[in-house]
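Here is the structure we will look at, set down as structure tokens.
The values are calculated or read from the model by the stated rules, or taken from the named source; none is laboratory data. These numbers were taken from a predicted model, which means no experiment stands behind them. When we count neighbours, we look across all protein chains shown, and the Cβ atoms used for this are built from the backbone with ideal geometry, even at glycine.
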Amino acid sequence: MTYKLPIFTSDAHKFLRATVGGWSISGDATFHSGGLITMPNNTSGIVWTGVNPGKINNSFIGRRFTGAFNACVLDPTGSTIINRADGPTSTANAACPASATPETAAWRKTANSFYLTNIPPNFSTVRFAAPPYGNATVFKAFQVTERVKFELRVLAENIANTPYFTAVSNGNTPTSTTFGQMPATESNDPRSLQFTARVSF
């Protein structure tokens, strides 16, 4: 999309028309649902309980640092959550809130190391955060002579300086204090500006 700024047009002073008037702006924005998060693998010592890992207490989880997915883990008997936020310091996990109940936990520890995993590689409801991402360009062409044109262009990538996080702790220690959380490690480039000058004749 390109829009010519309606300032300092034909009724303005010649100098203002030549320098400030005639600028155009264009931009684009990206909106998407976010990439799938890889689930714990078969060496994690847990199995899936059948609860949607994209929910806690039947409510969808907003993509945030404390809870990229349902990180609540039951003991081998399936009766107690072993890593609730109000649990022992060694296992307490902010991604499993104190309000979680055993029937809403997505994972259960296995009684021994010999088991068949039932965890799929991904769930469609568990994705990386995907904030809107926008770029903008401001440009103007100056007619120097009949045959010579000079153009200035400024490009701002990630104009809102929006961070994008994709690293999620989903590894082989489900009872760790960071299981299911999204560390504050930015995966995209910060805002950048590019200045371009071009002469055409």
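Can you tell me which of (1) part of a loop (DSSP other than H, G, I, E, B); (2) at negative phi is the one Val47 doesn't meet?
Here Val47 clears every test but (1).
Going by the conditions given, is Phe31 modelled with pLDDT of 75 or more, within 27 Å of the chain's Cα centre (by Cα) and more than 30 Å from Glu103 (Cα to Cα)?
yes
In region 158-182, what count of residues is obtained for those that are within 12 Å of the chain's Cα centre (by Cα), within 21 Å of Trp107 (Cα to Cα) and either of a type in the set (S, T, N, Q) or at pLDDT 70 or above (or both)?
So the answer is 2.
So, of the residues in region 83-123 that are at pLDDT below 85 and among the hydroxyl-bearing types (Ser, Thr, Tyr), which turns out to be surrounded by the most Cβ atoms within 10 Å (Cβ to Cβ)?
Per the criteria, the residue is Thr91.
Conditions tested, residue by residue: (1) in contact with a Cys (Cβ under 9 Å, 6 or more places away or on another chain); (2) closer than 17 Å to Pro40 by Cβ.
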| site | (1), (2) |
| --- | --- |
| Gly67 | yes, yes |
| Leu74 | no, yes |
| Ser79 | no, no |
| Asp86 | no, no |
| Thr91 | no, yes |
| Ala94 | no, no |
| Tyr115 | no, yes |
| Asn118 | no, yes |
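Residues in region 98-111: is at least one of a type in the set (Lys, Arg) and free of Cβ contacts under 8 Å to residues at least 40 places away in the same chain? So that I can check it myself, show each step before the final result.
In the first step, residues of region 98-111 are kept if they are of a type in the set (Lys, Arg); the result is 108-109.
Keeping just the survivors that are free of Cβ contacts under 8 Å to residues at least 40 places away in the same chain gives none.
Checked against the condition, which is being of a type in the set (Lys, Arg) and free of Cβ contacts under 8 Å to residues at least 40 places away in the same chain, region 98-111 yields no hits at all.
Residues are listed down the side, and each one gets a yes or a no for (1) in a strand (DSSP E or B); (2) β-branched (Val, Ile, Thr); (3) farther than 22 Å from Gly134 by Cα:
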{"position": "Tyr3", "(1), (2), (3)": "yes, no, no"}
{"position": "Phe8", "(1), (2), (3)": "no, no, yes"}
{"position": "Ala12", "(1), (2), (3)": "no, no, yes"}
{"position": "Leu16", "(1), (2), (3)": "no, no, yes"}
{"position": "Gly22", "(1), (2), (3)": "no, no, yes"}
{"position": "Ala29", "(1), (2), (3)": "yes, no, no"}
{"position": "Gly34", "(1), (2), (3)": "no, no, no"}
{"position": "Thr38", "(1), (2), (3)": "no, yes, yes"}
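Quick check on region 164-187. Is at least one of its residues exposed (fewer than 15 other Cβ atoms within 10 Å of the Cβ), among the polar types (S, T, N, Q), in contact with a Leu (Cβ under 7 Å, 6 or more places away or on another chain) and farther than 23 Å from Gly21 by Cβ?
no
Looking at (1) more than 26 Å from Leu5 (Cα to Cα); (2) of a type outside the set (S, T, N, Q); (3) modelled with pLDDT of 85 or more, which is the one condition that is false for Lys140?
With (1) more than 26 Å from Leu5 (Cα to Cα); (2) of a type outside the set (S, T, N, Q); (3) modelled with pLDDT of 85 or more applied to Lys140, the lone miss is (1).
Please state which one of Val126, Val138 is surrounded by 14 or more Cβ atoms within 10 Å (Cβ to Cβ), touching a residue at least 60 places away in the same chain (Cβ under 8 Å) and under 14 Å from the mean Cα position of the chain (by Cα).
After applying the criteria, what remains is Val126.
Consider Phe8 against the criteria (1) more than 30 Å from Glu186 (Cα to Cα); (2) without any contact (Cβ under 8 Å) to a residue 24 or more places away in the chain; (3) surrounded by fewer than 16 Cβ atoms within 10 Å (Cβ to Cβ): it satisfies all of them except one. Which criterion is unmet?
Among (1) more than 30 Å from Glu186 (Cα to Cα); (2) without any contact (Cβ under 8 Å) to a residue 24 or more places away in the chain; (3) surrounded by fewer than 16 Cβ atoms within 10 Å (Cβ to Cβ), Phe8 violates only (3).
Quick check on region 43-62. Is at least one of its residues surrounded by 14 or more Cβ atoms within 10 Å (Cβ to Cβ), free of Cβ contacts under 8 Å to residues at least 12 places away in the same chain, touching a strand residue (DSSP E or B) at 6+ places or on another chain (Cβ under 8 Å) and over 21 Å from Thr125 (Cα atoms)?
No, region 43-62 contains no residue that is surrounded by 14 or more Cβ atoms within 10 Å (Cβ to Cβ), free of Cβ contacts under 8 Å to residues at least 12 places away in the same chain, touching a strand residue (DSSP E or B) at 6+ places or on another chain (Cβ under 8 Å) and over 21 Å from Thr125 (Cα atoms).
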